[in-house]
Amino acid sequence: MASEKSLVAVTCTAPVNIAVIKYWGKRDEDLVLPINSSLSVTLHQDQLKTTTTAAISKDFTEDRIWLNGREEDVGQPRLQACLREIRRLARKRSSAGEEDPLPLSLSYKVHIASVNNFPTAAGLASSAAGYACLAYALARVYGVESDLSEVARRGSGSACRSLYGGFVEWQMGERADGKDSIARQVAPESHWPELRVLILVVSAEKKPMGSTAGMQTSVETSPLLRFRAESVVPARMAEMTRCVQERDFQGFGQLTMKDSNQFHATCLDTFPPISYLSDTSRRIVHLVHRFNAHHGQTKVAYTFDAGPNAVVFTLDDTVPEFVAAVRHCFPPESNGDKFLKGLPIRPAPLSDELRAALDVDPTPGGVKYIIATQVGPGPQTLDDQHAHLLGPDGLPKPAA
Ligand code: DP6
C-alpha cells in the first residue's frame, strides 16, 4: 500500500477527433507510421472526453491499468510501447541535465485509471482520446515536456491528432525512425466558431472489423489505397488546409464527403472487402445530398470512420432545420425526449418543400440519438484533487 505522501498523481482529460482527410494504412506497423498525412477536427470535451489519472509511487510493485473501472492487461503491446516511450523521453530529459530531474520516479511503477464520459457501446471511437489522454497524463507525471506525438501514436495512430485542439494535421513524415511523423495544429478551436458537429449514432448490427486489422488488409490488397495515398491525399491536404484557413464551408464540406467516400471505396477495394457503412449510413448520405440539393449549396457534410455512425458538419444556423430533417427520416422510437444530447438545439419545423425534396420513406429508430457538439480544445490538466480517479492507496476510487 502506498502512503499518501509518496504518491504523485496527475489527472488529465483529452478529446475525441474526427478526420476529414482520413488516415488508413501504415508503412510501419511497429512504429505506427502512416502511408499518408491526415487532418482532423478536435471535438469539444464538454460532450466527449476521456479522463485519465496516472499515479506513481515507490510503493507500487507493478504497472497496472483500469479502464472504465475494470482492470485490464497492462502487458498489451501498444500500452507497453507508450510506457516504454514516455520513460525513454523522461530519461533523456534527466540525463540532459534539465532542471528538476526526476531520477527516482523513473524507476517507479505507474497506476493508470481511465474513464470516458460517453458510452463505449455507442461505437464511438475512443482509442484516440484514450491514448492521447494516457500520453498527456504520463508526460505530466514523469515530467516530460517534449512533443508527445510519438507516445500517443504508438498507442493508436489517430491519437496523436487528439493532442491538440481545433484543426490538426498529422504529417506522415519520411524518416524510417518516425521522428518527423508528428501532429501539428493547423488552426485553433476559436478559429471557426460557427462550425457545428452532429454525431448521428446509428444502431450497429454487428461489431465492425477493427481499424488496425482492416487497414493492414487494405495495404496488402488494395491498389486504390496506394493510388489514394500517393496521388490523391497530398493535394487534398493542401486544399483542406486552405478551406479551414479561409473558413470555406462549401469547399470543406465537399472535400470531407469525398474523402470519406474514397476511404470507404478503398475498404470495398480491399480483398476480402470490408464494409463499415450500414443501410442507415447510406440513407444518411442520401439525406445529406438531397438536403444540399434542395438548398442549391453544400450546407451539411457527412463523414464516416470504421463504423456506421455518421459525423455531420454544418454551421450553427443550419442545425435546427437539418435536425428536423433527420427526425423526419428517422423518427425516434421510444426515447423521443433523449434523442438530442449535447448542445441545445432550437426546435424547427420542416417545410413542406424540404419534406417533398427529401422524398424518403421514414425508417423509425434508424438513428438512435444525436450528440450535438462543436470544435474544442486539446488535453487539459485538472488541478482539483477530487478529480483523481485513483485514491491515496493508488487504487480506483469506488465511483471511478
Ligand atoms: C478510419 O488510429 O484507430 O478512424 O493506428 O491501428 O490504432 P491504429 O488505427 P486508428 O485508425 C483510425 C482510422 C479512421 C480514420 C482516421 O481517424 O484518420
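The values are calculated or read from the model by the stated rules, or taken from the named source; none is laboratory data. What you see is a predicted model, and the numbers here were worked out from it, not measured in a lab. Virtual Cβ from ideal backbone geometry, glycine too; neighbours counted across all protein chains shown. Areas reflect the complete protein model, heavy atoms only, side chains present, ligands, DNA and RNA absent. Shrake-Rupley method; radii C 1.70, N 1.55, O 1.52, S 1.80 Å.
Before moving on, here are some points about what is shown:
- One residue alone among P273, P223 is touching a residue at least 12 places away in the same chain (Cβ under 8 Å), open to solvent by 70 Å² or more (accessible area, probe 1.4 Å) and either outside the structural domain of D28 (by the TED database) or farther than 20 Å from A306 by Cβ (or both), and that residue is P223.
- Test: residue in segment 183-197 that is open to solvent by 20 Å² or more (accessible area, probe 1.4 Å), of a type in the set (D, E), away from the ligand (no atom under 16 Å from the Cβ) and in contact with a helix residue (DSSP H, G or I) (Cβ under 8 Å, 6 or more places away or on another chain): yes
- Among the residues making up segment 179-215, those that are within 16 Å of L277 (Cβ to Cβ) and of a type outside the set (G, A, S) are I199, L200, V201, V202, E205, K206, K207, P208, M209.
- Test result for A213, open to solvent by less than 70 Å² (accessible area, probe 1.4 Å), within 30 Å of P119 (Cβ to Cβ) and free of Cβ contacts under 8 Å to residues at least 12 places away in the same chain: yes
- Within segment 360-400, the residues that satisfy the criterion of being buried (at least 18 other Cβ atoms within 10 Å of the Cβ) and of a type in the set (G, A, S) are G366, A372, G376, G378, G391, G394.
- Screening the candidates S158, S146, S127, S162 for the property of being away from the ligand (no atom under 16 Å from the Cβ) and either crowded, with 23+ Cβ neighbours inside 10 Å or modelled with pLDDT under 95 (or both) yields one hit, S146.
- Taking the criterion of being crowded, with 22+ Cβ neighbours inside 10 Å and touching a Pro at 6+ places or on another chain (Cβ under 9 Å), the residues of segment 308-328 that qualify are P308, V323.
- Taken together, the criteria exclude L134 from residues that are touching a Leu at 6+ places or on another chain (Cβ under 6 Å), within 16 Å of the ligand (Cβ to nearest atom) and modelled with pLDDT of 95 or more.
- Within segment 231-253, tally of residues that are of a type outside the set (V, I, T) and touching a residue at least 24 places away in the same chain (Cβ under 8 Å): 10
- Filter result for the condition that a residue is surrounded by fewer than 18 Cβ atoms within 10 Å (Cβ to Cβ) and under 18 Å from L138 (Cα atoms), over E72, E29: E72
- Note on segment 31-86: enclosed strands (runs of 3 or more DSSP E) holding 1 or more residues that are over 15 Å from S156 (Cα atoms), within 16 Å of the ligand (Cβ to nearest atom) and touching a Gly at 6+ places or on another chain (Cβ under 9 Å) are 38-42, 64-67.
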